[in-house]
Each structure stands twice: as structure tokens, then as C-alpha cells.
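Please read the structure below before turning to the comments.
The values are calculated or read from the model by the stated rules, or taken from the named source; none is laboratory data. The shown structure was predicted, so the numbers you read here are calculated from the model rather than taken from an experiment. Cβ sites come from the backbone with ideal geometry, for glycine too, and all protein chains shown count toward neighbours. All accessible areas refer to the heavy atoms of the entire protein, side chains included, with ligands and DNA or RNA removed. Shrake-Rupley method; radii C 1.70, N 1.55, O 1.52, S 1.80 Å.
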There are 2 protein chains.
Amino acid sequence: MHASESHVPEAEPPPAGAPSPAPSVTRAGCDVLVVGGGVIGLVTAWRTAQRGLSVAVADPRPGGGAGQVAAGMLAAVTELHYGEEALFALNLSSARRYPAFTAELEEASGQDTGYRACGTLAVALDADDRAQLRELHALQQRSGLELQWLTGRECRRLEPMLAPGVCGGLRADGDHQTDPRRLLRALLIACERAGVAFLRSEAVRLLVSRDRATGAELADGSRVHAGQTVLAAGAHSGALAGVPEQVLPPVRPVKGQVLRLRVPREYALFLSRTVRALVRGGPVYLVPRENGELVVGATTEELGWDTGVTAGGVYELLRDAHELVPGITELPLLEARAGLRPGSPDNFPLLGPTELPGLHTATGHYRNGVLLAPLTGEVMAEALTRGRLPEEARPFSPRRFSHPHLNALQELPR
Amino acid sequence: MHASESHVPEAEPPPAGAPSPAPSVTRAGCDVLVVGGGVIGLVTAWRTAQRGLSVAVADPRPGGGAGQVAAGMLAAVTELHYGEEALFALNLSSARRYPAFTAELEEASGQDTGYRACGTLAVALDADDRAQLRELHALQQRSGLELQWLTGRECRRLEPMLAPGVCGGLRADGDHQTDPRRLLRALLIACERAGVAFLRSEAVRLLVSRDRATGAELADGSRVHAGQTVLAAGAHSGALAGVPEQVLPPVRPVKGQVLRLRVPREYALFLSRTVRALVRGGPVYLVPRENGELVVGATTEELGWDTGVTAGGVYELLRDAHELVPGITELPLLEARAGLRPGSPDNFPLLGPTELPGLHTATGHYRNGVLLAPLTGEVMAEALTRGRLPEEARPFSPRRFSHPHLNALQELPR
């Protein structure tokens with residue numbers, strides 16, 4: 001299916017006097033090859049092409065990946081966890097970029113991305129859940145955030161569909177949402193307009209020559225040579241042949257099942273913001289889109305590469321969501337689908353150059369891929385053009401997982 | 001889409017010496033027009049064509065209808081209810097026909113129909129449900145049936161996946177299953193081979209001339225003239241324009257949502273027979289097919305013509321099925337779908353001639369359409385060829401709902 005495609009177009013010379021075109025990807029190669037065309041791969045490609053490098057994305061179906069399933073919560077504040085303060089700073093930094101990022105991307109692509117500054121309400125349904133939420137509140141306060149604690153009654157005043165059992169909540173007015181499917185579409189178009197070449201075939205092997213990554217071989221048999229190669233294939237980023245074991249990103253698939261319901265037009269005010277809770281210790285969230293879609297997520301399952309929707313996954317989501325918002329009973333159920341998050345050993349992403357010259361990673365974003373897209377695009381473009389990560393991203397270098405004996409390897413030229 | 005189709009083929013003269021062909025449906029008309037190509041319409045058409053009448057079926061999508069959703073339980077014994085002894089006799093009579101009916105239909109069509117003589121186990125999960133099941137057992141005994149009462153432990157010995165909470169059960173070794181989707185496919189082919197003409201357009205109006213039904217007008221504008229017309233459109237049978245109010249069948253749609261799960265090959269002995277229960281008073285059943293499909297049904301909702309799958313319907317089915325067989329959690333969920341059963345005021349079907357000469361009904365089968373298919377085919381063919389219902393079907397004449405003042409109307413010629 002992909003074998004006959006000539007996916008590295010010949011460059012034509014620019015017409016005299018024309019504005020400077022995007023640098024060309026030629027059959028001989030490109031400056032940067034991005035392996036994976038999901039949210040992270042595309043935002044990396046777009047931002048890098050904007051800086052004047054020639055960029056190609058290898059993916060049989062660009063615009064796919066976990067973003068096709070994700071709910072799109074931009075939950076820097078309500079996803080704060082103990083011991084993850086460094087990630088919190090990164091998440092918050094990316095969340096703050098979202099309005100400008102959205103504006104620029106929508107301008108560049110001509111597409112709406114479904115960004116909605118609706119805020120989030122995190123609620124508790126019983127004393128245990130409330131105690132956990134109180135702890136999150138305390139942690140937020142220690143991190144310098146001032147969130148408002150609400151009684152159950154105050155929660156229901158904000159969101160009248162909440163169950164009578166809701167006994168407290170935290171108002172996170174800065175945790176917004178975007179629509180990852182629309183975001184993907186916009187990124188695809190922005191990439192195309194920025195001159196990114198799409199190689200619609202799977203990368204099957206990293207090319208390494210003289211201790212340097214030099215591109216990849218694709219499933220259609222072609223070889224794409226690149227000055228720098230970025231592993232941005234989500235949960236699959238650790239599975240590319242030819243990557244030396246010492247620099248293989250330690251990511252694993254973490255399955256998430258997600259439901260999509262429809263709020264009929266006559267229930268327009270069903271929910272006005274993202275509502276989330278711990279229900280018996282497990283997280284559930286309901287993300288209402290402006291177009292009437294209501295996303296309910298998500299399971300967290302360590303089940304290898306399985307992406308099947310199970311009776312148990314759908315049951316748990318419906319049970320917990322029903323406990324939180326009993327009125328969902330009446331809503332049409334449109335879709336049940338599973339995706340694979342790229343989990344890493346410390347739940348932090350792996351951004352920037354590896355110990356192997358010419359090889360970068362942009363993966364391991366776990367639950368925060370959509371949230372971290374604006375920041376990831378910027379820091380990867382910086383690393384790819386200047387050879388080093390910006391300060392705020394350095395704790396997330398993939399080198400933190402490198403084998404000790406690799407520390408003596410030559411550093412990337414800076 | 002249907003307007004340009006010439007759906008009443010011209011008859012060609014049979015070649016001399018050829019075996020007697022099926023009687024022709026001509027542009028001028030046919031002996032019998034069946035409105036509706038679901039299980040009941042098709043079995044009526046097939047059996048009637050076998051008796052030498054020319055038969056046409058009007059349906060934009062023959063082979064559809066509630067049978068595409070139904071689980072296919074042949075549950076004469078476990079669906080016995082107080083006050084429905086007459087229906088029980090009919091159901092049992094049809095259930096006894098199933099093996100021979102299946103053999104004949106599979107021979108005629110060359111298709112497997114998924115008939116499986118697996119039996120049924122009806123179980124109780126708590127004391128209330130057990131009391132109800134005991135009452136059913138007593139009613140069965142009064143009806144001359146000898147079913148075996150099992151303890152919870154005996155139930156789990158038969159079906160090890162049953163929940164530990166199962167506290168009693170009834171073994172109904174004669175309540176089998178068929179696969180309604182395969183049954184529909186086989187009936188379509190058997191009809192074609194028996195010379196039934198398919199008019200792929202919706203009947204929109206009954207034609208009545210001089211106090212006699214004379215066929216129907218179709219959505220494509222054509223008029224099909226028929227000596228006798230059969231309303232066999234399931235829940236839609238009461239909605240055909242042109243049917244005099246006094247003979248309009250009093251059927252209503254009763255929505256049922258059904259799930260289809262898949263039992264992976266390595267769990268081959270997940271369930272070996274149909275398992276059903278009342279869970280907090282509501283019925284739930286799990287029907288395991290030989291091909292690995294596990295059907296979980298069904299909700300019963302009076303919601304008009306809505307056929308949407310709802311969060312609440314799927315939730316209830318999964319909750320109750322999970323309570324009955326906790327192991328379903330691991331099974332892939334393949335499909336959630338809703339259909340409309342044709343409910344009647346007394347839950348009994350409406351079979352045979354109405355008070356309007358030339359108009360028959362074969363509808364109102366409610367939960368028993370698949371079970372009653374063999375019997376319905378036979379009694380309808382009898383009524384259509386001989387003008388009267390066989391004795392056992394007479395309590396189910398649509399005339400029981402006729403307006404009192406219509407009783408003076410001329411009876412059909414016998």
C-alpha cells in the first residue's frame with residue numbers, strides 16, 4: 001500500500017524573487033526526520049520547520065495516535081501529584097502557552113482546535129475522596145497556587161447535574177481543554193503549509209553510521225537520511241529496531257479506554273466545565289465540548305499492546321461517571337475506544353538529545369501529551385536547531401535513563 | 001435510491017418441459033404482498049411461496065428489523081409468565097418445530113442458521129430473585145413441565161463462571177438458541193430460491209378498494225396489487241397509512257438494547273449454555289454462540305421510536321451481567337445496539353386475517369419473534385392459502401382487538 005509512494009518529493013528550485021520557501025526535503029534526505037505523526041511528532045515537526053530546517057515525518061497514518069482517543073484536558077493544576085513538582089512546573093509552563101499556541105496554530109492552519117477556557121471542578125463523593133482532595137489542595141497551596149475550596153452545595157450550584165452525594169470540591173479555573181482530534185487536524189495542515197514532508201510509511205529501523213544516527217529505513221524499503229532523527233512515536237518509541245539498547249527510550253504502553261457521549265442540544269447546559277473526581281480512589285473525568293460531545297475517561301491499564309475495548313473498562317467508566325453525574329444515563333453513547341499512552345519509569349517525558357549523536361526523543365508524555373504539546377514543540381525545535389535543551393526542559397532529558405557506562409560517550413556538539 | 005428500480009420483474013413464460021416454476025409476481029401484482037422483510041415477514045413469505053402462491057416482500061432493506069439485534073433465545077419455558085398460558089402453548093409448539101424448521105431452512109438455503117441445542121440455566125442471585133424463580137418453577141409444574149431445581153453449588157458446577165452469589169437455579173434443557181442474523185440471511189436466500197420477489201422500497205399506504213385491501217403503494221411511487229396483504233413490519237406495523245383505524249394493529253415499539261461481547265478462543269468453555277437471571281427484578285441474559293460471540297441483553301424501554309444506544313442502557317446491562325458472571329470484565333465489547341420489539345396490549349402476537357378482507361397481520365410478537373418464526377410461517381401460510389387460521393393460532397387473531405361495531409362486518413370467506 002505504501003511501497004509505491006514516492007514520499008520524498010524532488011525539490012524544485014524556487015522562482016526568482018519569490019519569498020524564501022520552506023527548506024526542501026529531497027530524496028537524498030532532510031535535516032530532521034520525525035518518527036511518528038501524532039500530536040508530539042507533528043508539533044515538533046511544525047515548530048522545527050518554522051525555524052528553517054527541512055523536516056519529514058514518517059508515519060503510515062499521520063494525525064493518528066493516542067491523541068485520537070485522548071480527552072484533551074489541560075490539567076496542570078488538578079493533575080499535580082506528590083513528588084512530581086518538576087513535572088508540575090513543566091505542565092504549568094505548557095498550559096500558559098496554550099492561548100497563544102492555539103491562536104498561532106489556528107491562524108497557520110485555518111482550523112478551529114476546540115480550545116475552551118472552561119476551567120475544571122474536581123469533586124469528592126465520599127470522606128476518603130474528600131481527604132485526598134484536601135491533600136491535593138494543600139500541595140497546591142505549597143506550590144503557590146490559590147484554589148478555592150467549595151462545599152458540596154457550592155459545587156452543585158456551579159454544576160447542577162452533579163450527584164447529591166458530592167461533598168466538596170476544588171475550583172481550578174485555569175485547567176482548560178482542547179479537542180485533540182481537531183488539534184491533530186490543525187497540526188497536519190500547519191505542517192503541510194510549513195513545508196513538512198509526510199512519508200506515509202512506518203519507520204522500521206534506525207540507521208546508525210559511525211556512532212551517529214543518520215535517519216531511518218521505512219517499511220516500504222526506502223531509506224531516509226537525516227541529520228537528526230526524533231523518536232516521537234508515543235508508546236511505540238521504544239520498539240524501533242536499530243536503536244542501541246543504551247539509548248532506547250524506556251517507554252511502555254499504558255492503555256486507556258475512553259467513552260464519547262452526546263449531549264442533546266436541549267441539554268445545552270448539562271455541564272459547563274470539566275468535572276473530575278476520584279471515585280473509590282480511581283480517577284474519572286467528564287469533559288464537555290462546545291459541540292455537544294461529552295468525553296468520559298479514562299481507564300489506566302498495563303496490558304501490553306492490546307487496544308481492545310472491554311466490557312469491564314466500559315462498565316467502570318459508566319459506573320463511576322454515573323455516580324458523579326447520574327443524568328448521563330439518558331445520553332446517547334457514541335463511541336468507546338482505547339489508546340496507548342507512552343508511560344515512562346518516572347512518569348516524566350523524555351525530551352531532547354540522547355547519548356547517541358543525531359538521535360533525539362520526544363516521548364514518554366504519559367497522561368500529559370496534549371497538555372505538553374506547545375512546550376514540547378518549542379523545546380524540541382530549540383534542541384534541534386541549537387543542539388541543546390532550554391533550561392526548563394533539562395530535567396526531562398532522556399539521558400537520565402542512560403546506562404552509567406554511556407556517560408563517557410561524546411556529548412553532542414553544542 | 002429505490003425510485004428507479006424495477007422491482008416487479010416481468011414474468012417470462014416457463015420453458016416447455018421445465019419443472020413447474022414458482023408462480024410469478026408480475027407488474028400487475030401478486031397473490032400475496034408481505035409488508036416487512038424481517039424474520040416474521042420473510043418466514044411468512046417463504047412458507048407461503050412454498051405452497052404455490054406468488055409472493056412479494058416490500059422492504060427497503062430486507063433481512064433487517066429487530067432480528068438484527070435480537071439474542072435469539074428460544075425460551076418457551078423460561079419465559080413462561082402468569083396469565084400467559086395460551087402464549088406458552090404457542091411458544092412451546094413453535095420451539096418444538098425448531099429442529100425440523102432449521103433442517104429444512106438450512107437445506108433450502110445452504111446456510112447455517114446457528115441453531116444450538118444448548119439449553120438454558122435460569123439462576124437467582126438473592127433471596128427475592130430466588131423466590132420469583134421458585135414461583136416460575138411452580139407455574140411450570142402446574143403446566144406439566146418437570147424442570148430440575150438446582151442449588152447454587154450445582155449451578156456453578158454446570159457453569160463455573162457464575163458468580164459465587166448464585167443461590168439457586170432452574171435447569172431448562174429444552175430452551176435453546178438460534179442466531180437471528182444468520183437466520184435472516186438463510187430466510188432471504190430461501191425466499192429467493194422459492195421465487196419470492198423483493199420490492200426494495202418501503203410500503204407507504206395500504207390500497208383499499210370496495211372494503212377490501214388490494215395491495216400497497218410504495219415509497220418509490222409504484223403500486224403493488226395483491227390478492228392478500230400481510231402487515232409484518234414489526235413495531236412499524238401499526239403505522240401504515242390507509243389502514244382503516246378499526247383494523248390497525250395496536251402494536252407499539254418497545255426498545256431493547258443489546259451488547260455483543262467476544263469470548264477469546266482460549267476461554268472456549270466460558271459459558272456452555274444460555275444463562276439468565278433476574279437481577280434486582282430485571283431480567284438479564286447471556287447467550288453464548290458457538291462462534292465465540294456472547295450476546296448480553298436486553299433492556300426493555302418504552303421510548304417511542306428512539307433506537308439510540310444510551311450510557312444508561314449499556315451501564316445496566318454490564319452491571320447486571322457482571323453481577324451474574326464477573327468474568328465478563330475481561331471480554332472485548334464488540335457492539336452495542338438497540339432494536340424495537342413490536343409490543344401488543346396483551347403481549348400476544350396478532351396472526352392471520354383482520355376484519356378487513358384481504359388484510360392479514362403477522363406482528364405483535366414482542367419478545368418472541370425469533371421463537372415464534374417456525375409456527376408463524378406455517379399458520380400464516382395456512383391462513384393465506386385456506387382463508388383460516390389453524391386451531392392453535394385462533395386465540396391470536398387480530399380480531400380480538402377489533403372495535404365492537406365491526407363485529408357485524410362480513411367475515412372473510414372460508
Fill in: Test result for A:Val275, away from every other protein chain (no Cβ under 14 Å) and of a type in the set (Val, Ile, Thr)
yes
Response to the item:
Residue hits (the stretch A:401-413; in a loop (DSSP other than H, G, I, E, B), in contact with a strand residue (DSSP E or B) (Cβ under 8 Å, 6 or more places away or on another chain) and either modelled with pLDDT of 90 or more or surrounded by fewer than 18 Cβ atoms within 10 Å (Cβ to Cβ) (or both)) are none
Item to complete: Please verify whether the stretch A:186-195 includes one or more residues that are in a loop (DSSP other than H, G, I, E, B), outside the structural domain of A:Arg273 (by TED's automatic domain parsing) and either modelled with pLDDT of 95 or more or in contact with a Phe, Trp or Tyr (Cβ under 6 Å, 6 or more places away or on another chain) (or both).
Response: yes
Practice prompt. State whether one or more residues within the stretch A:147-162 are among the acidic types (Asp, Glu) and not in a helix (DSSP H, G or I).
Written response: yes
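Listed here are the residues, each with its yes/no results for (1) out of contact with any Gly (no Cβ under 8 Å at 6 or more places or on another chain); (2) open to solvent by 30 Å² or more (accessible area, probe 1.4 Å).
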residue: B:Thr78; (1), (2): yes, no
residue: B:Gly114; (1), (2): no, no
residue: B:Ala117; (1), (2): yes, yes
residue: B:Val123; (1), (2): no, no
residue: B:Asp128; (1), (2): no, yes
residue: B:Glu135; (1), (2): yes, yes
Worksheet item: What number of residues within the stretch A:242-264 are more than 14 Å from every other protein chain (Cβ to nearest Cβ) and open to solvent by 10 Å² or more (accessible area, probe 1.4 Å)?
Response: 11
Discussion item. Restricting to the stretch A:90-112, name every residue that is touching an Asp or Glu at 6+ places or on another chain (Cβ under 7 Å) and either outside any helix (DSSP H, G or I) or not polar (S, T, N, Q) (or both).
Written reply: A:Leu90, A:Glu106, A:Asp112
Worksheet item: Out of all the residues in the stretch B:83-103, is one or more open to solvent by 10 Å² or more (accessible area, probe 1.4 Å), at pLDDT below 95 and on the phi > 0 side of the Ramachandran plot?
Response: yes
Fill in: Given (1) more than 14 Å from A:Pro62 (Cβ to Cβ); (2) charged (D, E, K, R); (3) assigned to a helix (DSSP H, G or I), number of the condition A:Arg210 does not satisfy
(3)
Practice prompt. Among the residues of the stretch A:163-178, write down those that are open to solvent by 10 Å² or more (accessible area, probe 1.4 Å) and in a loop (DSSP other than H, G, I, E, B).
Written response: A:Pro164, A:Gly165, A:Cys167, A:Asp173, A:Gly174
Worksheet, complete the sentence: When restricted to A:Pro249, A:Pro253, the only residue under 21 Å from the mean Cα position of the chain (by Cα), part of a strand (DSSP E or B) and either modelled with pLDDT of 95 or more or of a type outside the set (D, E, K, R) (or both) is A:Pro253
Item to complete: Could you pull out every one of the strands (runs of 3 or more DSSP E) wholly within the stretch B:285-400 that has 2 or more residues that are crowded, with 24+ Cβ neighbours inside 10 Å, away from every other protein chain (no Cβ under 14 Å) and free of Cβ contacts under 8 Å to residues at least 60 places away in the same chain?
Response: B:350-353
Worksheet item: Based on what the data block shows, is A:Arg61 more than 15 Å from the chain's Cα centre (by Cα) and closer than 13 Å to A:Gln177 by Cα?
Response: no
Worksheet item: In the stretch A:208-225, is there at least one residue being in contact (Cβ under 8 Å) with a residue 60 or more places away in the chain, farther than 24 Å from A:Arg386 by Cα and surrounded by fewer than 18 Cβ atoms within 10 Å (Cβ to Cβ)?
Response: yes
Item to complete: Scan the stretch B:351-360 and give yes if some residue there is of a type in the set (S, T, N, Q) and over 24 Å from B:Gly67 (Cβ atoms), otherwise no.
Response: no
